[in-house]
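The values are calculated or read from the model by the stated rules, or taken from the named source; none is laboratory data. The structure displayed is predicted, hence computed values, not measured ones. Glycine gets a Cβ as well: all are built from the backbone with ideal geometry, and neighbour counts include every protein chain shown.
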Amino acid sequence: MLDRRALCAAALVAGCAVPVLGVPGAHAAPVAGSGRAAVAGSAVVAAARPRAGAVIAQIRIRRMRLKTSVRQGVGAAVLRRGVGHYPGTALPGKEGNTVLLGHRTTWLHPFNRLDRMRRGDRIVLRVGRASYVYRVRAKRVIDPRDRRALEAVPFKRASEPHGKYVTLITCTPKGSDRHRLVVVGKIDSGR
């Protein structure tokens, strides 16, 4: 389960202050099995998580002319420095949904051009020597209280992870926190 501070920080994405609502069950890292094995497995998954603020990947999106670091967490200090990885969602290249948040008009504004993304565009996440290439499948404008973009399969409530997704989230329209712009990609290949 995510801690409440992480949820509050996520609610502030792109300078947007929105009320924090319930968290879908898919936010917790998936654990195979049940009972004691699941509890032991969850401890291993939690221990494998990077520390807040640590660089976990590089993101490159040609259409947006974006090449920057992705840091763990979505607190104000992380988002001031660029793109943040929503705690409890899949790590880049792993099964499930890797959710990334970024400012649109403030600080380094890495997602300033997110509205320009088109179906089929490449989103490349590089972790160490491995590159994961995702292709954009959907772009939506949603209400700030709509948490379905955070599900293991984006926009499918209570979904189990099947497939590797990346979800990019920022506020829209520019300079406003009225809505969220969400771009969803699915892995194309891993190199």
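A few points about this structure:
- Boolean, SER131 is more than 15 Å from VAL182 (Cα to Cα) and in a strand (DSSP E or B): yes
- Top-ranked residue in the range 27-85 [being among the polar types (S, T, N, Q) and surrounded by 13 or more Cβ atoms within 10 Å (Cβ to Cβ); ranked as modelled with the lowest pLDDT]: SER42
- The residue list ASP115, ASP121, ASP177 contains one member that is within 14 Å of ARG63 (Cα to Cα) and surrounded by 17 or more Cβ atoms within 10 Å (Cβ to Cβ), which is ASP121.
- Cβ-Cβ contacts under 6 Å between residues 6 or more apart (or on different chains), taken from a first residue in the range 165-180 that is outside any loop (DSSP other than H, G, I, E, B) to a second residue that is surrounded by fewer than 23 Cβ atoms within 10 Å (Cβ to Cβ) and of a type in the set (S, T, N, Q), are listed as HIS179/THR172.
- Matching residues in the range 162-173 - criterion: being within 20 Å of VAL74 (Cβ to Cβ) and either surrounded by fewer than 22 Cβ atoms within 10 Å (Cβ to Cβ) or among the basic types (Lys, Arg) (or both): THR172
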